[in-house]
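Notes follow once the structure below has been shown.
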Amino acid sequence: MKTVQLAIGDSEYAQSLRNSLLRDGTHRVYLVDQPDPRIDGVVVIDGSKLDCLSLCKDQPERFVVITCKGTDSLFGLWKAGIRHVVFEGDSPSTAQLAIIAAELRLPNPGLKTSPVSGPTFARSHHCHSFVRKPAHAKHISEARVPTTPGR
């Protein structure tokens, strides 16, 4: 389950975004006034809440910032490491895409770090299958793909 904190002032927008995230069944969503950096996951904040932006400095990849178009703050956000910005007036589905993009930048929860041996993958059961190419098969770059007219 992925966690998202929504610290945005527009309650109607926040509710719409919350409902979209909950609908996919993979998110736990908190509507908060002040984000808690101790909670893992993505944090969505208003660009107007400059006090919240100080939270971004340690893990900027976790943050999605909603800001006004044409503001001078974009350069500052970029310089602070923020890579996910949604403009006021963009649809909640656009914000949801930015949240998903931010989630992809977060460390993989299946990757565990061992102080002795470094990264190790969490125990899982995967079946790997390998396809062996027949000896008479051409190299992939030499193979010709037949084309069908009208396709």
**Message:** Could you go through the stretch 16-26 and let me know if any residue there is of a type outside the set (D, E, K, R) and in a strand (DSSP E or B).
**Reply:** no
**Message:** Given (1) surrounded by 18 or more Cβ atoms within 10 Å (Cβ to Cβ); (2) more than 15 Å from the chain's Cα centre (by Cα); (3) modelled with pLDDT of 95 or more; (4) not charged (D, E, K, R), identify the lone condition not met by Gln5.
**Reply:** (2)
**Prompt:** So how many residues does the stretch 59-75 have that are among the acidic types (Asp, Glu) and under 20 Å from Ile100 (Cα atoms)?
**Reply:** 1
**Prompt:** Do you know which residues across the stretch 31-48 are touching a Leu at 6+ places or on another chain (Cβ under 9 Å), surrounded by 16 or more Cβ atoms within 10 Å (Cβ to Cβ) and not in a loop (DSSP other than H, G, I, E, B)?
**Reply:** Val42, Val43, Val44, Ile45
**Message:** Of everything in the stretch 44-63, what is acidic (Asp, Glu), at pLDDT 70 or above and more than 22 Å from Leu104 (Cβ to Cβ)? Give them in sequence order.
**Reply:** Asp46
**Hits in the stretch 69-84 - residues which are surrounded by 13 or more Cβ atoms within 10 Å (Cβ to Cβ), of a type outside the set (Lys, Arg) and not in a helix (DSSP H, G or I)** = Thr71, Ala80, Gly81, Ile82, His84
**Request:** Answer yes or no: is there a residue in the stretch 100-114 that is among the hydroxyl-bearing types (Ser, Thr, Tyr), at pLDDT below 50 and either exposed (fewer than 13 other Cβ atoms within 10 Å of the Cβ) or under 30 Å from Ile8 (Cα atoms) (or both).
**Result:** yes
**Request:** Sort through Thr148, Thr120 and tell me the only one that's of a type in the set (Val, Ile, Thr), farther than 30 Å from Gln15 by Cβ, at pLDDT 50 or above and not in a helix (DSSP H, G or I).
**Result:** Thr148
**Meets criteria (closer than 15 Å to Tyr13 by Cβ and at pLDDT 90 or above) for Ser91** = yes
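The values are calculated or read from the model by the stated rules, or taken from the named source; none is laboratory data. Not measured: the values here are computed from a predicted model. Note that we place each Cβ from the backbone using ideal geometry, even for glycine, and neighbour counts take in every protein chain shown.
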